[in-house]
Amino acid sequence: MLKFLRFKKNTTVLIGAVVFLCLSISSFAADIEAGKAKASVCVACHGPGGNSVNSDFPSLSGQPAQAISTQLFRYREGNRKNPVMSVYAAELTNSDMNNLAAYFSSIKRTTLHETKPANLTAGPELANKYNCTQCHGPNLLGLQHIPRVAGQQHNYLIDQLRGFKAQTRADMDGNMSSAAANLNDADIVVLADYIAGMADRPETTNK
Ligand code: HEC
Ligand code: HEC
């Protein structure tokens, strides 16, 4: 039985790896201009160039392309559900997703959020203590399928972290739910305030 379960888990990991590989292979051919043309419907909510101006809507700008295409794929396939995004993703082909991802990834992220001075010290301490930087990178800029969170919208960050902790937010490999399980609500509030303001600080700007 144990052997079977292990086999099943490996198979799931393998299928996941193949999906990521296919998405990233086809993203070599991703077309930023085609993505831009397709993005006009998205920017109504995600803001110009994917720099959201609504705290509840995530920014897409400067996000690793693979993180964007992975999430779109998951909405379309029903692994992550949202009444709005599931509908929009249902219309997209794999190449639409890669083109949109290439376009939004190419835009510099900006933010209007100003971190409270006290959280400029408390925030990085928590991010190190809870290993956020180990997966999301030293400046939380993301890598491959791991999303950039630096400069993400404030309310969206709070909602996602609370969601991971409550295990109501879809989680591809369980890593984020484990990471968030150790946070109390005060930690979440401090981390979100710190992370949301990161985009405009020089050390946290990659493009
Ligand atoms: C009517 C508003 C609206 C429109 C239009 C819209 N989105 Fe979204 N999008 C949202 C909301 C709200 C969320 C957060 C949903 C959730 O909590 O799962 C989201 C989430 C996402 C995410 C996941 C972000 C992350 O950080 O995990 C991606 C990627 C995305 N949208 C891409 C797109 C693309 C590409 C389009 C255009 C084809 C689009 N969206 C159109 C509102 C919208
Ligand atoms: C072991 C690796 C790992 C650790 C540690 C980790 N994360 Fe994550 N994080 C991920 C992965 C992978 C995802 C994507 C999950 C998914 O969508 O299924 C993610 C997603 C997120 C999201 C949602 C982003 C979005 O755009 O929707 C936020 C916010 C986040 N992490 C913040 C944090 C914070 C804050 C910490 C530290 C307390 C942390 N993470 C620790 C791997 C990690």
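The values are calculated or read from the model by the stated rules, or taken from the named source; none is laboratory data. What you are looking at is a predicted structure, and each value in this text was computed from that prediction instead of being measured. We place every Cβ from the backbone using ideal geometry, glycine too, and count neighbours over all the protein chains shown.
The figures follow:
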read-out: Only listed residue being of a type in the set (D, E, K, R), farther than 22 Å from Gly142 by Cα, more than 7 Å from ligand 1 (Cβ to nearest atom) and not assigned by TED's automatic domain parsing to the domain that holds Gly151, chosen from Glu91, Glu114; value: Glu91
read-out: Residue within the stretch 94-104 that is within 14 Å of His46 (Cα to Cα), surrounded by 17 or more Cβ atoms within 10 Å (Cβ to Cβ) and either more than 9 Å from ligand 1 (Cβ to nearest atom) or aromatic (Phe, Trp, Tyr) (or both) present; value: yes
read-out: Helices (runs of 4 or more DSSP H) lying entirely in the stretch 107-205 (those with 2 or more residues that are without any contact (Cβ under 8 Å) to a residue 24 or more places away in the chain and not charged (D, E, K, R)); value: 119-129, 132-136, 154-166, 175-181
read-out: Some residue of the stretch 54-75 being without any contact (Cβ under 8 Å) to a residue 60 or more places away in the chain and either basic (Lys, Arg) or surrounded by fewer than 21 Cβ atoms within 10 Å (Cβ to Cβ) (or both); value: no
read-out: The stretch 26-65, residues that are over 21 Å from Asp159 (Cα atoms) and of a type in the set (Ser, Thr, Tyr); value: Ser26, Ser27, Ser40
read-out: Test: residue in the stretch 44-54 that is assigned to a loop (DSSP other than H, G, I, E, B), over 13 Å from the mean Cα position of the chain (by Cα) and within 20 Å of Thr168 (Cα to Cα); value: no
